[in-house]
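Undergrad: Sharing a structure here in structure tokens format.
The values are calculated or read from the model by the stated rules, or taken from the named source; none is laboratory data. A quick note: this is a predicted structure, and the numbers were derived from the prediction, not measured. So basically every Cβ, Gly included, is an ideal-geometry build from the backbone, and we count neighbours across all protein chains shown.
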Amino acid sequence: MRHRIHIAETPAIGTTIAITGEEFHHAARVARVDAGEAVEVFDGRGFAASGRIDTVANDTLTVRIEAAIDSRESPVDLRLAMSVIQLERFELVLQKATELGVRTIIPMVTDRVEVRPERYRGKMERWEKIVFEATKQCGRAVIPNIEPPAPFREVIAREGARILFDADAEPSAQPKSDSVTLFIGPEGGWSDEELALAREHGAAFQRLGPRRLRAETAAIVAVARFTA
């Protein structure tokens, strides 16, 4: 894939734009793009275009915008409500969910979360960077939104189609919707109270096969089912 450059503003086709700052550094100093090289630009909100490097100077490069290209976005408005798990594994989920097309990621505080709040407090900037880099790498034109950590009872009460994955629950009819929130629990599973709340709020229940999966594996498999 061509080198991809994130831009703050959406340009008109046929115009030339200047790239400075961190995106310039990565393109010119790390990827070492050169004049005449084909690149892609994206604004993080759905616009993507092919372009070509015009000039490379000491602190600026210019790109000629040639044609709009497909955003590579999934037609499903998919949200992942993921229990906060061991942080390295949680960050893996952020990366893979972004690659698979999730549009919103909601870190959840559930009854059996094993990670202390002070461990993930203040991690939003790091998490946003992981999602941004995954977006840039995989070719998407939309940077997924990461919400601040929220309690399960608040997230499950939101409107819309909801599917909760649990290895022991009896599967129910899957909602037919192009906008859905997938719920993945922690390593220790859901509590009885959380399962009751999910039923109370009309969530559908699903399994991910005959084997019990790790939380991060379950998240990746569940998302892939809806975006593949």
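Undergrad: If you go through the stretch 192-200 one residue at a time, do you hit one that is surrounded by fewer than 14 Cβ atoms within 10 Å (Cβ to Cβ), in the same structural domain as Thr98 (by TED's automatic domain parsing) and small (Gly, Ala, Ser)?
TA: yes
Undergrad: Within the stretch 207-219, count every residue that is at negative phi and surrounded by fewer than 19 Cβ atoms within 10 Å (Cβ to Cβ).
TA: 8
Undergrad: So, one more: If we keep just the residues of the stretch 177-191 that are hydroxyl-bearing (Ser, Thr, Tyr) and loosely packed, with under 15 Cβ neighbours inside 10 Å, which is modelled with the lowest pLDDT?
TA: From the stretch 177-191, those hydroxyl-bearing (Ser, Thr, Tyr) are 177, 179, 181, 191; that's our starting set.
Keeping just the survivors that are loosely packed, with under 15 Cβ neighbours inside 10 Å gives 177, 179.
Details: Ser177: 86, Ser179: 92.
Step by step, filter the stretch 177-191, then rank; the result is Ser177.
Undergrad: Determine which single condition Lys136 fails, assuming it passes every other condition in (1) of a type in the set (D, E, K, R); (2) more than 27 Å from Thr10 (Cβ to Cβ); (3) buried (at least 16 other Cβ atoms within 10 Å of the Cβ).
TA: Every listed condition holds for Lys136 apart from (2).
Undergrad: List pairs: first in the stretch 6-17 and on the phi < 0 side of the Ramachandran plot and free of Cβ contacts under 8 Å to residues at least 40 places away in the same chain, second of a type in the set (D, E, K, R) and crowded, with 16+ Cβ neighbours inside 10 Å, Cβ under 8 Å, 6+ apart or cross-chain?
TA: The qualifying pairs are Ile7/Glu23; Ile7/Asp43; Ala8/Asp43; Glu9/Asp43; Thr10/Asp43.
Undergrad: Out of the stretch 100-119, which residues are not hydroxyl-bearing (Ser, Thr, Tyr) and not in a loop (DSSP other than H, G, I, E, B)? If you could, list the steps in order and put the result at the bottom.
TA: To start, the set of residues in the stretch 100-119 that are not hydroxyl-bearing (Ser, Thr, Tyr) comprises 100-103, 105-109, 111-119.
Answer for the stretch 100-119, where residues must be not hydroxyl-bearing (Ser, Thr, Tyr) and not in a loop (DSSP other than H, G, I, E, B): Leu100, Ile105, Ile106, Pro107, Met108, Val109, Pro117, Glu118, Arg119.
This table checks each residue for (1) in contact with a helix residue (DSSP H, G or I) (Cβ under 7 Å, 6 or more places away or on another chain); (2) farther than 30 Å from Pro210 by Cα; (3) of a type in the set (Phe, Trp, Tyr); (4) exposed (fewer than 15 other Cβ atoms within 10 Å of the Cβ).
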position	(1), (2), (3), (4)
Arg119	yes, yes, no, yes
Met124	no, yes, no, yes
Glu128	no, yes, no, no
Ile146	yes, yes, no, no
Pro149	yes, yes, no, no
Arg158	no, no, no, yes
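Undergrad: Which ones in the stretch 119-136 are touching a strand residue (DSSP E or B) at 6+ places or on another chain (Cβ under 9 Å) and farther than 15 Å from Val102 by Cβ?
TA: Answer for the stretch 119-136, where residues must be touching a strand residue (DSSP E or B) at 6+ places or on another chain (Cβ under 9 Å) and farther than 15 Å from Val102 by Cβ: Tyr120, Lys123, Met124, Lys136.
Undergrad: Considering only residues of the stretch 160-171 that are of a type in the set (Gly, Ala, Ser) and surrounded by 14 or more Cβ atoms within 10 Å (Cβ to Cβ), which is farthest from Ala224 (Cα to Cα)?
TA: Start the filter on the stretch 160-171 by keeping residues that are of a type in the set (Gly, Ala, Ser), which leaves 160-161, 167, 169.
In the following step, the residues that additionally are surrounded by 14 or more Cβ atoms within 10 Å (Cβ to Cβ) were identified as 161, 167, 169.
On the way: Ala161: 17, Ala167: 17, Ala169: 21 Å.
Step by step, filter the stretch 160-171, then rank; the result is Ala169.
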